[in-house]
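Report on one structure; see the data block that follows.
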Amino acid sequence: MKLRIFLSILVLTAWASATQLTVSTYSMYNGGTGSYDYRDFTYVPCNGVCDVTSAPLSGGTGKLTDGVTPALSWYQYGWWTPWVGWYTPYTNETNPIVTFNFGHTVTINSVTVWVDNTIGYGGVYLPQGFSVDGNYFAIPFDNVDPNPRAYTLSGLNITADSADVQFFQYPGYWIMVGEVTFNGTSAVPEPATMTLAVSGVALAWWKRRKAH
């Protein structure tokens, strides 16, 4: 009986631990193209529009959640860049919104975005900021460091099955986004968390059996 209680507590603790949340799909208006392809051409399912500027994408995933945080700036990869880029004339001067779906209810503690800054080279600057379901994070203007970097908005405590992330850009300029990650807790255990819990259960069972 005590073992069962211990195992239940172990599994529940593992489920409740904060971890990186898995995005099942995201939807948005596609990026654009210029010297290189800044559209989400790895998006699956593509439905023939993943390489079409400003086309609506939905029901799949692509560059923004592939686990790749580009170490180099957008122009250093050539045509097949891992960055998604939006240019205000292509978005009708609106700030792009990406809706991330988790497939079940989660609690989001923090969101990290990976963005590029080439200080105006190629028309690319850092975003002015980004928001998560209306919670705004201002990004300081940087005219010195021309490198990619991450920004994290924490302390959110948002419970939902989806989240809107909006990027605010300077009029007439591009923004480049390489990755978006979410940290929090899930009502359904993430695969890595479930593996950890099962391993703990197996180890406890083996020790109990050995003791007898």
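The values are calculated or read from the model by the stated rules, or taken from the named source; none is laboratory data. Here the structure is a predicted model, which is why all the values come from computation and not from measurement. Glycine also receives a Cβ, built like all others from the backbone with ideal geometry; neighbour counts cover every protein chain displayed.
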Applying the selection to segment 89-140, what residues are out of contact with any Asp or Glu (no Cβ under 9 Å at 6 or more places or on another chain), among the polar types (S, T, N, Q) and within 27 Å of G59 (Cα to Cα)?
T91, N92, T94, N95, T107, N109, S110, N135
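Okay, residues lined up against (1) outside any loop (DSSP other than H, G, I, E, B); (2) in contact with a Ser or Thr (Cβ under 8 Å, 6 or more places away or on another chain); (3) surrounded by 16 or more Cβ atoms within 10 Å (Cβ to Cβ):
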{"position": "V23", "(1), (2), (3)": "no, yes, yes"}
{"position": "Y26", "(1), (2), (3)": "yes, yes, yes"}
{"position": "R39", "(1), (2), (3)": "no, yes, yes"}
{"position": "T42", "(1), (2), (3)": "no, no, yes"}
{"position": "G60", "(1), (2), (3)": "yes, yes, yes"}
{"position": "V68", "(1), (2), (3)": "no, no, no"}
Among (1) free of Cβ contacts under 8 Å to residues at least 60 places away in the same chain; (2) in a strand (DSSP E or B) - the single one V106 does not satisfy
(1)
Cβ contacts < 7 Å: first residue among the acidic types (D, E), restricted to segment 45-56; second residue in a loop (DSSP other than H, G, I, E, B), any location; separation 6+ or different chain. Result?
D51/R39; D51/F41
Condition check for N117: surrounded by 15 or more Cβ atoms within 10 Å (Cβ to Cβ), part of a loop (DSSP other than H, G, I, E, B) and without any contact (Cβ under 8 Å) to a residue 60 or more places away in the chain:
yes
Out of (1) more than 14 Å from D37 (Cβ to Cβ); (2) surrounded by fewer than 20 Cβ atoms within 10 Å (Cβ to Cβ), the odd one out for L64 is which?
(2)
Can you report the number of residues in segment 125-171 which are in a strand (DSSP E or B), more than 17 Å from the chain's Cα centre (by Cα) and within 15 Å of P96 (Cα to Cα)?
0
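Results for (1) surrounded by fewer than 16 Cβ atoms within 10 Å (Cβ to Cβ); (2) modelled with pLDDT under 95; (3) among the charged types (D, E, K, R); (4) touching a His at 6+ places or on another chain (Cβ under 6 Å), shown as yes or no for each residue.
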site	(1), (2), (3), (4)
W74	no, no, no, no
T81	no, no, no, no
N101	no, no, no, no
S110	no, no, no, no
D145	yes, no, yes, no
A150	yes, no, no, no
F168	no, no, no, no
